[in-house]
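Encoded as structure tokens, the structure appears first; notes follow it.
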Amino acid sequence: MSCIPNKDLVYLQHMEQATDSTQVITEKQKPYRIQINDILNIRVKALEQDNVQIFNPVGEENLNADGDERAYFDGFTVDLHGNIRIPVLGEINVLGYTTEEIEQMLEKKLLEEEFKETANIFVSVKLTGIRYTVNGEVGSTGTKTLYQARVNIFEALANAGDIQMTGNRKDVLVIRQYPQGQQIHHVNLLDAKVMQSPYYYIQPNDIIYVKPLKQKSWGTGTTTMQTVGTIVTALSLVTTTLLLIDRI
């Protein structure tokens, strides 16, 4: 029964040994490959923009929508078979491809079936933000969306109000979606080596769960003063009870 030590609160520590030298830590990130239920933002540009307008839909169902709603109306959702449906071109399988590979695929298909080289076709494919869910000991739980090309786990948690003092930074769970199903990965945010982890950068549809520390279930307080206060209160209660029993 104790307060939460400082070493359990400080991010990116050098866990093996203390050092004053500057250490270069290489961030690792593999290209993201499209999964089922991802929403893609696809735009086609050409010298004659009117000729490609059909490929650039504008959601008419709710013109006042923004953020996630606008992405839903204007984007191309990957179905359960890994396909998207594009006007004129029909169904195209994108499951397991990167956005760069899809750009090349669509550009080649448009030049083969619809346009000539002189049209100067340019295709842009992006994820409509990185949507993820945060639960547990954070300031604000729920589903969040960040409109960035990449987001690391610290940015994702900061967007959710960061981990509370009672949260376990040493064993944060990242539940990630794969074609074969979901898998649980364990991440230690106290260790600077987390930047080398394949789970340092979150992916769309990730679920981040921050477990509580044992101190929360003990209810002894998160700081020394709170712990001392709890103990004093408990001792006072015991003393008062003993006095009352003695009088009886």
Task: Estimated vicinal HN-Hα couplings, Hz - region 136-144 in sequence order (Karplus 6.51, -1.76, 1.60; Gly, Pro = x) - done: x, 7, 10, x, 8, 7, x, 8, 10
TODO: For region 75-83, take each phi angle, set θ = phi - 60°, evaluate the Karplus expression 6.51 cos²θ - 1.76 cosθ + 1.60, and give the result in whole Hz per residue in order, putting x for glycine and proline.
DONE: x, 10, 7, 6, 7, 5, 9, x, 9
- [ ] Kindly write out, for region 202-209 in residue order, the coupling ³J(HN,Hα) from the Karplus curve 6.51 cos²θ - 1.76 cosθ + 1.60 (θ = phi - 60°), rounded to whole Hz, with x marking Gly and Pro.
- [x] 7, 10, x, 6, 5, 10, 10, 10
Task: 5 angstrom amide H check on Gln13, placed H, neighbours 5+ away - done: Asp191, Ala192
Open item on the list: How much length would be gained if the chain were fully extended between Tyr72 and Asn41, taking 0.36 nm per residue of separation minus their Cα-Cα distance, in nm to one decimal?
Closed with: 10.2 nm
Open item on the list: For a test of the definition: using alpha carbon positions, the gyration tensor, and the 1.5 limit on a/c, classify region 38-127 as rounded, prolate or oblate.
Closed with: oblate
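Beyond a 20 Å Cα-Cα separation, which of these cross-linked pairs lie in this structure: Lys144/Lys193; Lys45/Lys144; Lys30/Lys211; Lys30/Lys126; Lys30/Lys170; Lys45/Lys116?
Distance filter (> 20 Å) returns Lys144/Lys193; Lys45/Lys144; Lys30/Lys211; Lys30/Lys170.
Read-outs throughout are calculated quantities, based only on the coordinates presented, and are distinct from any laboratory measurement. Quick caveat, the model's predicted, so the values are computed rather than measured.
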